[in-house]
Amino acid sequence: MRQIILDTETTGLDPNQGHRIIEVAAVEMVNRRLTGNHLHRYVNPDRDIDAGAMQVHGITPEFLQDKPRFSDIAQEFVDFIQGAELIIHNAPFDVGFLNMELRLLEMAPLASWCDSVTDTLAMAKALHPGQRNNLDALCKRYGVDNAARTLHGALLDCELLAAVYLALTRGQESLSIGLEAHDAQADRAAARARPKPILLPASEAERDAHASLLEAIAKESKGACLWGAEQEAV
């Protein structure tokens, strides 16, 4: 099973107000193991960055001046995520921005490239209702070291989210293993409890009756009955 942990940083909060992606990261995981394969690109948005957004991620317009546009990395991005399940924290936010960028390039939306999208924020809210479920809070709750996260960064956040996702879903894995073990134990117990079959030998009268029946069948079939031949061979 191929999964991609994905995150973006942006110029602001709303793509419908013209805000753009300035950083995208995608980290590959296969069968619940990080492969070391990842995609990480900074993007020149050709617009200003909101002051509030810069306080969150620390990325400045000056830093992005010589970076590629999203149009330059779009095909590389969709090729990387092709057919995978995307794991995203607060997925509607990132999906909204990615779909806007793809729409501007007249490319198919995100759902056409990936297999599905899983929102870890929704998962965390279901597991921990009424509690803080941002990435920092989840790292603390599950013992994931996020000391390096002084600012938001797409690649670092992907790596942290991968650890959080594995912790969020480990209970399901344990439950499955527990059920399999319980089923195996139950099968063994049932086998031990099952009574052994009792073999009752035929009486002499029953054997004589059986022989008479076979003789009658052989006579009726004019010797075509195989049972009699098998008995003689035995």
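The values are calculated or read from the model by the stated rules, or taken from the named source; none is laboratory data. In this text, all values refer to a predicted model and were calculated from it rather than measured experimentally. So basically every Cβ, Gly included, is an ideal-geometry build from the backbone, and we count neighbours across all protein chains shown.
Applying the selection to region 117-133, what residues are free of Cβ contacts under 8 Å to residues at least 40 places away in the same chain and over 15 Å from Ala26 (Cβ atoms)?
Once the filter is applied, which keeps residues that are free of Cβ contacts under 8 Å to residues at least 40 places away in the same chain and over 15 Å from Ala26 (Cβ atoms), region 117-133 yields Asp119, Leu121, Ala122, Lys125, Ala126, His128, Pro129, Gly130, Gln131, Arg132, Asn133.
Just a yes or no: is a residue in region 14-35 farther than 30 Å from Ala167 by Cα, hydrophobic (A, V, I, L, M, F, W, C), out of contact with any helix residue (DSSP H, G or I) (no Cβ under 9 Å at 6 or more places or on another chain) and assigned by TED's automatic domain parsing to the domain that holds Cys158? Quick ask: steps written out before the conclusion?
So in region 14-35, the residues farther than 30 Å from Ala167 by Cα come out as 14-20.
Remaining after also requiring hydrophobic (A, V, I, L, M, F, W, C): none.
No.
Please work out which residue is surrounded by the fewest Cβ atoms within 10 Å (Cβ to Cβ), limiting yourself to region 134-143 and to residues that are under 15 Å from Thr169 (Cβ atoms) and not hydroxyl-bearing (Ser, Thr, Tyr). Full working, then the answer.
Applying the first criterion (under 15 Å from Thr169 (Cβ atoms)) to region 134-143 yields 138, 141-142.
Okay, now just the ones that are also not hydroxyl-bearing (Ser, Thr, Tyr), so 138, 141.
Values: Leu138: 27, Arg141: 17.
The selected residue is Arg141.
Among the numbered criteria (1) surrounded by fewer than 18 Cβ atoms within 10 Å (Cβ to Cβ); (2) among the small types (Gly, Ala, Ser); (3) within 24 Å of Leu121 (Cβ to Cβ), which single criterion is violated by Ala51?
Checking Ala51 against (1) surrounded by fewer than 18 Cβ atoms within 10 Å (Cβ to Cβ); (2) among the small types (Gly, Ala, Ser); (3) within 24 Å of Leu121 (Cβ to Cβ), the one that fails is (3).
With a cut-off of at least 2 residues that are out of contact with any His (no Cβ under 8 Å at 6 or more places or on another chain) and either under 23 Å from Cys139 (Cα atoms) or of a type in the set (D, E, K, R) (or both), name the helices (runs of 4 or more DSSP H) lying wholly within region 61-128. So that I can check it myself, show each step before the final result.
Values: elements: 61-64, 70-81, 91-104, 120-127.
So the answer is 70-81, 91-104, 120-127.
In region 15-73, which residues are free of Cβ contacts under 8 Å to residues at least 12 places away in the same chain, over 18 Å from Phe97 (Cα atoms) and of a type outside the set (Ser, Thr, Tyr)?
Matches in region 15-73: Arg33, Gly36, Asn37, Ala51, Gln55, Glu62.
Just the residues that are in contact with a strand residue (DSSP E or B) (Cβ under 6 Å, 6 or more places away or on another chain), under 23 Å from Glu159 (Cβ atoms) and not hydroxyl-bearing (Ser, Thr, Tyr), please, taken from region 29-63.
Of everything in region 29-63, those that are in contact with a strand residue (DSSP E or B) (Cβ under 6 Å, 6 or more places away or on another chain), under 23 Å from Glu159 (Cβ atoms) and not hydroxyl-bearing (Ser, Thr, Tyr) turn out to be Met29, Val30, Asn37, His38, Leu39, His40, Arg41, Val43, His57, Ile59.
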